[in-house]
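Visitor: Below are the structure tokens for one structure; questions will follow.
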Amino acid sequence: MFYASGFHATSTYQICRAAGVSTRTLYHHFASREALTAAVMDAREQRFMADVSAPQQPEAIARLFQVLGEWTPQANGAKGCFFLKAWGEYAKRDAALATQALAFRATLRRYISDCVTAAQGEEHQLLSDAIWMLFEGEITSALVISPAAAQQAGTVASQLLQRHGTAR
């Protein structure tokens, strides 16, 4: 619903009707719409990160792009990033939600850096950032090319890792 109408344009009534609960029940579980939005972002981040491999696994980077490719069409990702949409709507309205939305980007950047460090045996921030930018760029590329952009980005990420001494 947030993808279709936006965070602020989606009414509490629409949310309750879709969930099959009363407004009272919704507010029993979430003190405000902002609390609901924060919980949705938290749950989405947890689900995504649960799908990727541990950074120490040799296939971690390849799996990351595979998961992104799976999430893009299934989770409305072909319409853009949920977290960037949240940031766009809340940047000037709610600093806590805007910060939470951007924190997921930092989590992904740190995860990729951990994967590259594990694969290389030492930190390579430039390589890590290049792979992170491929990941971030895929999200926009999926809007133009298709969700298959994740496979292309994953291939390039693997090539970068190979050129830096690992075939992971």
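Each reported figure results from applying straightforward, stated rules to the coordinates on display, with no laboratory input. No experiment lies behind these values; they were computed from the predicted model shown. Note that each Cβ is placed from the backbone with ideal geometry, even for glycine, and that neighbours are counted across all protein chains shown.
Visitor: Report the longest stretch of the chain that contains none of the GluC sites (Glu not before Pro) sitting in a DSSP loop with at most 16 other Cβ atoms within 10 Å.
Guide: Values: sites that count: 59, 122, 123.
In the chain, the maximal stretch lacking such sites is 60-121.
Visitor: Set the Förster radius R0 to 25 Å, insert the Cβ-Cβ distance between residue 29 and residue 95 as r into 1/(1 + (r/R0)^6), and round the FRET efficiency to 0.05.
Guide: On the way: r = 23 Å, r/R0 = 0.94.
With R0 = 25 Å, the Cβ-Cβ based efficiency is 0.60.
Visitor: With runs of 4+ DSSP H residues as the only contributors, calculate the mean residue ellipticity of the chain at 222 nm using -39,500 (n - 2.57) per run, divided by the residue total and rounded to the nearest 500. All intermediate terms of the calculation are to be shown ahead of the outcome.
Guide: Numbers: 9 runs with 123 residues, N = 168.
About -23500 deg cm²/dmol.
Visitor: What list of ³J(HN,Hα) values in whole Hz, one per residue of segment 6-20 in order, does the Karplus curve 6.51 cos²θ - 1.76 cosθ + 1.60 (θ = phi - 60°) give from phi, with Gly and Pro shown as x?
Guide: Karplus values, whole Hz, x for Gly and Pro: x, 5, 7, 7, 7, 7, 4, 4, 4, 4, 5, 4, 5, 7, x.
Visitor: Here's something else I'd like to know. Taking the Cα centre of the chain as origin and charging only Cβ (+1 Lys, Arg; -1 Asp, Glu), how large is the dipole, in debye to the nearest 20?
Guide: On the way: 15 positive and 14 negative charges, 109 e Å.
For this selection, approximately 520 debye.
Visitor: Which loop trypsin sites (Lys or Arg not before Pro) in segment 1-108, with loop taken from DSSP, have no more than 16 other Cβ atoms within 10 angstrom of their Cβ?
Guide: 92, 93
Visitor: For segment 1-108, what relative contact order do you get, as a whole percent, if you take Cα pairs closer than 8 Å and at least 6 residues apart? Numbers along the way, then the final one.
Guide: Values: 58 pairs, mean separation 27.0, N = 108.
Once divided by the residue count of segment 1-108, the mean separation gives 25 percent.
Visitor: Okay, next question. Quick one: Karplus J couplings for segment 38-48, per residue in order, coefficients 6.51, -1.76, 1.60, θ = phi - 60°, nearest Hz, x for Gly and Pro?
Guide: 4, 5, 5, 5, 4, 5, 5, 4, 4, 5, 5
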